[in-house]
Amino acid sequence: MRKTTLITGGAGYIGSHTALALINAGHHVLVLDNLCNSCRECITRLEQLTDTHVDFINGDMCDPILLDGIFSRYDIDSVVHFASLKSVEESVRKPLDYYANNVAGTLNLCKVMAAHEVFKLVFSSSATVYGDPAQTPILEDFGTGKPVNPYGRTKLMIEELLTDLCHSDPRWSIALLRYFNPIGAHESGMIGEDPKGRPNNLLPCLTQVAIGRIPELTVFGSDYPTVDGTCVRDYIHVVDLANGHLAALQVMQHHSGINSWNLGTGIGYSVLQIIHSFEDITGITIPYRFAPRRLGDIAKCWADPSKAGRELGWSAQRGLEQMITDTWRWQSSNPQGYQSSIETPARVAVK
Ligand code: NAD
Ligand code: WQD
């Protein structure tokens, strides 16, 4: 049997880009996803991009019998764990769903891993675990703060659960990768972000305005203490993020224990800077209007990614122009996301 990396949530936005990076680097991967926020078509696209069969199981990580069967059938030596519900707004309305899926699902996964003596885990954490940081850029050793919503609290709880687990048994090797704001898409335009329902994040909202699915963009808040009054974030290209997982897996071959790494660029852009860059790059005017601040938003958030540079040999390579070009190529080639067509999408020119 081939050594296999299990990717939970591998049909989702970041998981699919990471699956592609791992396959291209020679890993054998198995994707487990219940498709609650993704499509089977994504796996087909991965197969087209890699010209190989991708092992895929449509199932729920909360199902212990299913997981046990998977770990018995495949020679899994590491897990990259993306599966999660991720809508901040929904988590406020349905906290039990978030704690059950994200926290209990991870607990279930770890129990089955331990039972099968698989101890390498890369976890999708988030800058949300820092809460509202006292200063920027954010360093890992600031310590975690107080996340302001149930989704964020599930990420912090999982970090704490994994820390306790690691301290209980030296065989564990766990990477907590704290993502800043992932955007962009693979340069082929074949895979990208395809949220089910109305999006909440800035770039999906912006591109859906650009293709006419949403009439105008709402900009939340114009009175923050920032360069132009709108919030500043550290946007990172999803392909750079995917490569960060590859780097973490390589380092974990030789290290045990738990470690956290910021995956960001170290550069912050405001909402208005993003809108104006998008307009410059695509030539499309974005109608927008200001609205009051969105509950729970913080003014500024960007990373100091130097620890990942030193310890993983990783740094983001792609700038804002490429992030926007690739986001737009994906969205304009697939106006309805993966539902647009089961055909290979046509390439769309970008100004
Ligand atoms: P996504 O929704 O596109 O991907 C998550 C995938 O997990 C989906 O395909 C979904 O169907 C699957 N899933 C959810 N619950 C499952 C379950 N019980 N069993 C099996 N599959 C399940 O989200 P994403 O943006 O790719 O995020 C991936 C990870 O990164 C998540 O853990 C998320 O919390 C984290 N993260 C995302 C961001 C972001 O802005 N996108 C930022 C920081 C951290
Ligand atoms: C960015 C900026 C909005 C939409 C969230 C989660 C975080 C992490 C990443 C997973 C903010 C503004 C947005 C819109 C707007 N996820 N905005 N109009 O809030 O930084 O982070 O996603 O872990 O936990 O909280 O990202 O893309 O939602 O917002 O003005 O229609 O864009 O107010 O200033 P955020 P975002």
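The values are calculated or read from the model by the stated rules, or taken from the named source; none is laboratory data. What you are looking at is a predicted structure, and each value in this text was computed from that prediction instead of being measured. So basically every Cβ, Gly included, is an ideal-geometry build from the backbone, and we count neighbours across all protein chains shown. To get the accessible areas, we keep the full protein, side chains included, count just its heavy atoms, and leave off ligands, DNA and RNA. Shrake-Rupley method; radii C 1.70, N 1.55, O 1.52, S 1.80 Å.
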Taking the conditions exactly as written (within 16 Å of ligand 2 (Cβ to nearest atom), farther than 17 Å from residue 192 by Cα, in contact (Cβ under 8 Å) with a residue 60 or more places away in the chain and within 14 Å of the chain's Cα centre (by Cα)), does residue 81 satisfy them or not? yes
Mind listing whichever residues of region 248-271 are of a type in the set (A, V, I, L, M, F, W, C), open to solvent by 20 Å² or more (accessible area, probe 1.4 Å) and more than 20 Å from residue 185 (Cα to Cα)? 251, 258
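Can you work out which of the residues in region 95-148 that are of a type in the set (Phe, Trp, Tyr) and within 14 Å of ligand 2 (Cβ to nearest atom) is farthest from residue 68 (Cα to Cα)? Quick ask: steps written out before the conclusion?
So in region 95-148, the residues of a type in the set (Phe, Trp, Tyr) come out as 98-99, 119, 123, 130, 142.
From the residues that got through so far, the ones that are within 14 Å of ligand 2 (Cβ to nearest atom) too are 98, 123, 130.
Details: 98: 23, 123: 20, 130: 34 Å.
Residue satisfying both the conditions and the ranking: 130.
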Looking at region 135-193, which of its residues are farther than 26 Å from residue 253 by Cβ, acidic (Asp, Glu) and either free of Cβ contacts under 8 Å to residues at least 60 places away in the same chain or surrounded by 18 or more Cβ atoms within 10 Å (Cβ to Cβ) (or both)? 193
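If you check residue 97 against the conditions, is it farther than 29 Å from residue 27 by Cβ and within 11 Å of ligand 1 (Cβ to nearest atom)? Steps first, please.
Values: farther than 29 Å from residue 27 by Cβ: yes; within 11 Å of ligand 1 (Cβ to nearest atom): yes.
When the stated conditions are applied, residue 97 passes them.
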In region 176-208, what residues are among the hydrophobic types (A, V, I, L, M, F, W, C) and near ligand 1 (Cβ under 9 Å from one of its atoms)? 177, 180, 183
Given (1) within 17 Å of residue 178 (Cα to Cα); (2) in a loop (DSSP other than H, G, I, E, B), residue 309 misses just (2)
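Would you confirm whether any residue within region 60-75 is in contact with a helix residue (DSSP H, G or I) (Cβ under 6 Å, 6 or more places away or on another chain) and within 29 Å of residue 198 (Cβ to Cβ)?
Filtering region 60-75 down to residues in contact with a helix residue (DSSP H, G or I) (Cβ under 6 Å, 6 or more places away or on another chain) leaves 61-62, 64, 67-68, 71.
The next check asks that each one be within 29 Å of residue 198 (Cβ to Cβ); those that pass are 61-62.
Yes - at least one qualifying residue is present in region 60-75.
Kindly state which strands (runs of 3 or more DSSP E) lie completely within region 1-120 and contain at least 1 residues that are open to solvent by 60 Å² or more (accessible area, probe 1.4 Å) and under 24 Å from residue 244 (Cα atoms).
3-8
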Looking only at region 236-253, count every residue that is among the β-branched types (Val, Ile, Thr), over 13 Å from residue 311 (Cα atoms) and assigned to a helix (DSSP H, G or I) and tell me the total. 2
Is region 234-247 home to any residue that is open to solvent by 60 Å² or more (accessible area, probe 1.4 Å) and charged (D, E, K, R)? no
Here the residues within region 85-103 that are of a type in the set (S, T, N, Q) and within 16 Å of residue 199 (Cα to Cα) are 87, 91
Does residue 82 fit the bill of being near ligand 1 (Cβ under 10 Å from one of its atoms) and of a type in the set (Phe, Trp, Tyr)? yes
Between a first residue in region 246-261 that is on the phi < 0 side of the Ramachandran plot and of a type in the set (Phe, Trp, Tyr) and a second residue that is outside any helix (DSSP H, G or I) and surrounded by 15 or more Cβ atoms within 10 Å (Cβ to Cβ), which pairs have beta carbons less than 7 Å apart while being 6 or more apart in sequence or on different chains? 261/175; 261/177; 261/178
If I ask for residues that are open to solvent by 40 Å² or more (accessible area, probe 1.4 Å), within 15 Å of ligand 1 (Cβ to nearest atom) and small (Gly, Ala, Ser), which ones from region 286-334 would you list? 296
